[in-house]
Structure formats: C-alpha cells, structure tokens
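Enquirer: I'd like to ask you about the structure that follows.
We did not get these values from a lab; they are worked out from the coordinates using the rules stated. Here the structure is a predicted model, which is why all the values come from computation and not from measurement. A quick note on method: Cβ atoms are made from the backbone with ideal geometry, for glycine too, and the neighbour counts reach across all protein chains shown.
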Amino acid sequence: MSERDQYIPGPANGAKVHKDGEKWTLILVRELRHPPEKVWQALTDPAQLRQWAPFETDASLGTTGTVNLTWTGTPKPLETRVTQADAPKALEYGDLRWELEPSAGGTRLTLWHKIDRRFISMGAAGWHICFDVLDHLLSGTPISRIAGADAMKFAGWQRLNAEYARQFGIEVPQWPPGAAQS
C-alpha cells in the first residue's frame with residue numbers, strides 16, 4: 001500500500017476567516033518541520049508546485065513579474081502578477097499571500113487566500129490537503145498532488161469541508177452548487 005493510499009487528513013485546524021463582503025480571506029497557518037529556504041523553494045519552483053499545489057505556473061514565482069497560473073480543473077491559464085517575492089519571508093500574487101517565519105521546529109507558514117464566501121470551507125479543506133501533500137514532499141515521502149475535483153473525491157475532504165464550515169459558522173457548501181445533501 002502506498003503512502004497516498006494510507007494518507008488520511010487530520011482534523012480541521014489552524015484556520016480562520018476575515019469576512020469582508022462577498023470575498024472573504026481564508027487564513028491558514030501550518031507548522032512545517034523544514035527550514036524557510038526549503039519551504040520557499042516549494043512555494044516558488046514550478047516543478048515542486050506541480051507536485052503539491054492546486055495550480056501550475058509557467059515560471060518561477062520567486063521574482064516579481066507576470067506569470068501564468070493554471071488552476072486545477074480550469075482550461076485556461078490566468079495571467080497573474082507576482083507583486084512581492086522577498087525570499088524566504090513573503091510571497092504575494094493574485095489573491096494569495098504567503099508568509100514564512102522561522103520557528104523552533106522549522107517554518108510557520110501562513111497563507112492568506114481571498115475566496116468567495118460561498119466556498120471558503122471548501123477552500124480550507126482543499127488547502128489543508130495540499131499542505132499535507134507539501135509536508136510529505138518536503139519530508140522526502142511524496143504522495144502526489146491531491147487538488148481540485150480529485151481532492152473532493154478523496155477520503156476526508158467532505159469531513160474537512162464540514163469541520164471548517166462549523167468553525168467558520170457557515171452552512172456546509174455543496175458541490176456542485178445545488179447538489180442534494182446526503
């Protein structure tokens with residue numbers, strides 16, 4: 001049985017939301033057992049991003065400028081501007097902002113992601129799984145990317161979606177919208 005077959009996401013934790021109209025900001029914090037420089041590479045290198053992130057990019061995110069991001073499940077790249085690339089501390093592009101802080105055990109990684117409020121718990125569940133996949137990659141035990149529709153079918157995603165919805169005080173969103181609840 002592979003690492004991926006054995007993977008089960010832990011409970012929803014390390015997340016909060018900042019509510020502002022229809023576009024809310026999801027704030028996720030994860031402690032990683034790896035130095036900021038190693039985490040930075042995983043956040044900026046296109047080859048590493050393809051192994052864990054819910055998107056691909058045509059260029060490094062490690063310098064300011066324009067790149068094309070293709071989110072999992074979308075047909076077309078989205079032209080995106082990297083507005084901050086302060087290695088290995090802060091990275092910002094599109095609706096995402098990353099902060100890396102050295103910690104006793106490695107790196108405290110914080111993500112701010114602006115998401116339509118209707119999908120905030122789904123985004124939290126998806127990023128939770130992506131962060132787990134990132135941790136496996138950095139630990140040398142890659143389990144391959146689990147993102148987009150694949151993540152929604154993955155064991156534990158529905159549970160995480162419901163747990164985060166409860167934490168954020170919202171109804172559990174259904175996908176596709178209007179789907180019958182089970």
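Enquirer: Using the reciprocal of the averaged 1/r over all distinct C-alpha pairs, how large is the Kirkwood radius of the range 25-80 in Å?
Expert: Working: mean 1/r = 0.0805 Å⁻¹.
This gives a value of 12.4 Å.
Enquirer: Contact order normalised by length for the chain, with contacts defined as Cα pairs under 8 Å and 6 or more residues apart; what percent is it? Provide the component values of the computation, followed by the final result.
Expert: Numbers: 339 pairs, mean separation 45.4, N = 182.
Rounded, it is 25 percent for the chain.
Enquirer: Let me ask another. For the pairs 89/114; 114/153; 23/76; 19/76, flag any whose C-alpha to C-alpha distance is greater than 26 Å.
Expert: Numbers: 89/114 20 Å; 114/153 24 Å; 23/76 22 Å; 19/76 29 Å.
Checking Cα-Cα distances, 19/76 exceed 26 Å.
Enquirer: Right, something else. Rounding to the nearest 20 debye, state how big the charge dipole of the chain is about its Cα centre with +1 on each Lys and Arg Cβ and -1 on each Asp and Glu Cβ. Numbers along the way, then the final one.
Expert: Numbers: 20 positive and 21 negative charges, 66 e Å.
Magnitude of the dipole: close to 320 debye.
Enquirer: For the chain, what are Rg and Dmax over the alpha carbons, in angstrom?
Expert: For the chain, the Cα-based Rg and Dmax read 15.8, 46 Å.
Enquirer: Would you calculate the separation in nanometres between label points at residue 110 and residue 29, each defined as 7 Å from the Cα along the Cα-to-beta-carbon direction?
Expert: 0.7 nm
Enquirer: A follow-up question, please. Using the C-alpha atoms of the range 75-182, what convex hull volume per residue, in cubic angstrom, is computed? Provide the component values of the computation, followed by the final result.
Expert: On the way: hull volume 15.7 nm³, N = 108.
Cα convex hull per residue, to the nearest whole number: 145 Å³.
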